[in-house]
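The structure appears below as structure tokens.
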Amino acid sequence: MIHAPVGSPRRALSNGPQRDPHGHLVPPASLQIEIALQKYIHIEEISHLHTAGNSSGIVDGASITLVGSKRNAASQGLKPRARILSAATCSTDPTTMLEGPAPATKKALSMANLTIDDLDYIDLYSCFPSAVQIAMNELGLSKNDPRGLTVTGGLPYFGGPGNAYVMNSIATMMKKLRTKLNSFGLATANGWYI
């Protein structure tokens, strides 16, 4: 069930629309909204549908990905959609946090026994143009790389920092990888801790 936000704190402003504690408009939490959203329950791929019933006043920041073993998926009747070869993190000084994805990428590639040239698809985290520029410089990528630097169009098209962009990136990456046998992709991210 897709749920409209009925439990969030609200306050009325001079008999006007309801607002949350941050001043963002709260959509009317009605049965009609929930009924209208019911038709989207069986979506098998991301369609980037944003409605008053599923988006916050800032950005849509919720997502979920199930990660588990192939055996456990089979026991639950689930079909694995992708395989994670490696993952890595990196801690950086908060004042230079945009530099973190590049060393983490190098570490993840090394763990998978791959190089940047082995990748078929790339999605560089793009909260700001400088994040992409730093990653390009550190990873030796050209802005004209024939693979492109994003599989989604980039974070600015998903509401800006602090949302579920990387989950959209991973889902789009999985879709692309499934269309090309034995292909490899890279999706980078940056933490929300500043």
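The values are calculated or read from the model by the stated rules, or taken from the named source; none is laboratory data. Computed from a predicted structure; not experimentally measured. Ligands, DNA and RNA are excluded from the accessible area calculation, which covers all protein heavy atoms including side chains. Shrake-Rupley method; radii C 1.70, N 1.55, O 1.52, S 1.80 Å.
Overview of results
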{"read-out": "Accessible surface of Met111 - all protein chains present, 1.4 Å probe, nearest 10 Å²", "value": "110 Å²"}
{"read-out": "Whole-number accessible area per residue in Å² for the stretch 75-123, which is evaluated in the context of all protein chains at 1.4 Å", "value": "66 Å²"}
{"read-out": "Largest-first ordering by accessible area, 1.4 Å probe, given options Met167, Met136", "value": "Met167, Met136"}
{"read-out": "Contour excess over end-to-end distance, with Cα ends at Lys176 and Asn137 and 0.36 nm allotted per residue", "value": "11.5 nm"}
{"read-out": "Candidate residues Lys176, Lys106, Lys79: accessible-area rank, largest first, probe 1.4 Å", "value": "Lys79, Lys106, Lys176"}
{"read-out": "Exposure rank, largest accessible area first [Asp123, Asp117, Asp93; 1.4 Å]", "value": "Asp117, Asp93, Asp123"}
{"read-out": "Accessible-area value, Val67, 1.4 Å probe, nucleic acids and ligands omitted, Å²", "value": "110 Å²"}
